[in-house]
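Encoded as structure tokens, the structure appears first; notes follow it.
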Amino acid sequence: MDVFTAQRRNFMSSTANTLLLFGATGDLAQRMLLPSLCALHSDGLLEPDMRIVGTARSEMTDSEFRNFARGALEKFMPANRRGGTADFLNRLSYQQLDVKDPAGFSALAEKVGGPGGQLAIFLSTAPSLFETTIKGLQTAGLTGEGSRISLEKPLGVDLASSCEINDAVAEAFPESRIFRIDHYLGKETVQNLIALRFANVMFEPLWNSSYIEHVQITVGETVGLESRVDFYDEAGALRDMVQNHMLQLLALVAMEPPTSFDASAVRDEKVKVLRALRPIGPGESVTGQYRGGAVGGAIVPGYDEELGRGSNTETFVALKAHVDNWRWKGVPFYLRTGKRMPRRVTEIVVQFRPIPHSIFNGTRTVPNRLVIGIQPEENITLSLMAKVPGLDREGMSLRSVPLEISMPDAFTGQHRRIAYERLLLDLIECDQTLFVRRDEVEAQWNWIDAIRGEWKKEGLTPKSYTAGSWGPSAAIALTERDGVSWHE
Ligand code: NAP
């Protein structure tokens, strides 16, 4: 056993006895983190003596924080999952702290029981606060061997700023105790992609350029700008969606089989794919920004109207990517994401090549296609050619028919967990498999920075598209040029 594995095994036996939640009064804490922790508690998955300490600038006593948390659970948790709420609230306490005030950290350290415990820290605050927070934690002795830290996206706006954040975290925590969140990895269907590829024998032999013609990954949102106005206008679709979630999906589709479902093995394979991404060339990207239109029957304003000013930020991006290695030589990966799309959808489409020789004279065969629905529908559909019933006097009649697995139907009785339940439990139990390693984040930024550099060089500005459409017509041309249609 190598030293790293031995250290990790040792650490895995160290389930946290305290969870320290920064940004405990924020939107993410209310909508996702507190409900997820309550669900884990109700299902008996948290150690009975594990405490949860919330912290933020707002003044609150322990009991006021419990009332605040109760309000969040009532608002954001389905009634049938709120059974253990009263007991769960007893785990909670609160410490007021402005992380910019270094002196305040000693009171926080006292609240969490001082240095030396098994401490899971979750930073649900703006990344601009990470560095001061980590320094404060370090001074207060809360970064010792029993501590691990989890960071929410966005980890920087480019490679340089991401390195700055990563360097600041690395001052206090080794990589084996840093948990970078990409909440897509906590989704059941995303993990199911690993099961589909590596727990079945029939896909892997075909999973290469000899049998796969192209791959499509679409993440469509129906919403517009929503509340994070300044953040989004700074970021745009490329940095908000492609840099993290979409590249993680691409890496899971394209990676070589890992030797085990283990943090190092899986992340070693993902990073190889991310490093093999060919820089996007001229004509391989399209950006767009929505104008007023209709989504789901409702009239909606354009991006600039929502923003209250003109902007060059892209709310849509489509890319033709290539993974430069033996397996994927010549197989385009078309990526597309946008706001104000006709429907909310995250899906991966694997398009297989045509059969090499048809024995069905004159009857067209449609190449097989695998569609993996991630949200809102969690399903897997494999299209197969089948014989249309009949006496076939003119030759066999064929049609493409779907072989469909709906995950909720296949696993009735198992409740569907939200991604943060899985990720929080993994953080508490110290399993890094579904968290993003530093080299992955940096490979992702490297590729994204090059795209933005290319856009700047070409003077590319977003093309208009009507809200409720699938983006500018140039996005359709991007694939049609290759004889490929987006899956809709
Ligand atoms: P938010 O609603 O603005 O909450 C920010 C939290 O930070 C609040 O609890 C705020 O509480 C606290 N805070 C702000 N300044 C502070 C300071 N100086 N010292 C101590 N605490 C401070 O943000 P959010 O939406 O929850 O997002 C949190 C993080 O998650 C961000 O990095 C965001 O990008 C990321 N994220 C959020 C979502 C989402 O759906 N919301 C999704 C993905 C990623 P006080 O005002 O009481 O101090």
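The values are calculated or read from the model by the stated rules, or taken from the named source; none is laboratory data. Please read all numbers here as calculations on a predicted model, not as lab measurements. We place every Cβ from the backbone using ideal geometry, glycine too, and count neighbours over all the protein chains shown. Keep in mind that these areas ignore ligands, DNA and RNA; they rest on the heavy atoms of the full protein, side chains included. Shrake-Rupley method; radii C 1.70, N 1.55, O 1.52, S 1.80 Å.
Below is a table of values for the structure above.
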read-out	value
Once exposed loop chymotrypsin sites (Phe, Trp or Tyr not before Pro) are cut out (DSSP; at most 16 other Cβ, 10 Å), longest piece of the chain	1-202
Farthest toward positive dipole pole in region 337-410 [+1 Lys/Arg, -1 Asp/Glu at C-beta], among Ser383, Gly338, Leu370	Gly338
Dipole magnitude of the chain about its Cα centre (Cβ charges: Lys, Arg +1; Asp, Glu -1), debye to nearest 20	1000 debye
Charge dipole (the chain, unit charges on Cβ, about Cα centre) - positive-most of Leu151, Leu129, Thr259	Thr259
Within the chain, helix-based [θ] at 222 nm, where runs of 4 or more DSSP H residues each add -39,500 (n - 2.57), nearest 500	-9500 deg cm²/dmol
Dipole magnitude of region 287-363 about its Cα centre (Cβ charges: Lys, Arg +1; Asp, Glu -1), debye to nearest 20	240 debye
For region 129-235, size of Cβ-based charge dipole, Lys and Arg +1, Asp and Glu -1, in debye	440 debye
Per-selection metrics, region 12-92 (Cα): Rg and Dmax in Å	12.1, 36
q = 0.10, 0.15 Å⁻¹: log10 I(q)/I(0) that the Debye formula gives for region 204-309, counting C-alpha atoms only	-0.45, -0.84
Diffusion constant of region 107-212 at 25 °C, which comes from Stokes-Einstein with the Kirkwood Cα-pair radius and 0.890 mPa s, µm²/s	150 µm²/s
Neighbour cut-off at most 15 other Cβ (10 Å), DSSP loop, trypsin sites (Lys or Arg not before Pro), region 36-87	Arg57
Region 70-169: radius of gyration over Cα atoms, expressed as a fraction of 2.2 N^0.38 Å	1.28
The chain - percent relative contact order, Cα under 8 Å, separation 6 or more	18 percent
Fully extended contour minus Cα-Cα distance, from Ile405 to His357, at 0.36 nm per residue	14.4 nm
Share of alpha-carbon pairs per 10 Å distance bin for region 322-446, given as whole %	9, 22, 31, 24, 9, 4, 0
Geometric extent, Cα atoms of region 56-111 - Rg, Dmax (angstrom)	13.7, 43
Estimated translational D of region 261-358 in µm²/s (Stokes, Kirkwood radius over Cα pairs; 37 °C; 0.692 mPa s)	193 µm²/s
Calculated FRET value between Lys456 and Ala170, using beta carbons and R₀ = 25 Å, to 0.05	0.25
Volume in Å³ per residue [convex hull over Cα atoms, computed for region 1-145]	121 Å³
Scaled radius of gyration (Cα, divided by 2.2 N^0.38 Å) that the chain gives	1.05
Spatial separation of Cα centroids for region 65-87 and region 282-355, in angstrom	37 Å
Cleavage-rule hits (GluC sites (Glu not before Pro)) in region 106-215: DSSP loop, at most 12 neighbouring Cβ within 10 angstrom	Glu171
Global geometry of region 348-411, whether rounded, prolate or oblate, following the gyration tensor of its Cα atoms and the 1.5 cut on a/c	oblate
Region 395-464 - Rg over Rh from alpha carbon coordinates, Kirkwood radius	1.24
For region 233-335: accessible area per residue (Å², 1.4 Å)	36 Å²
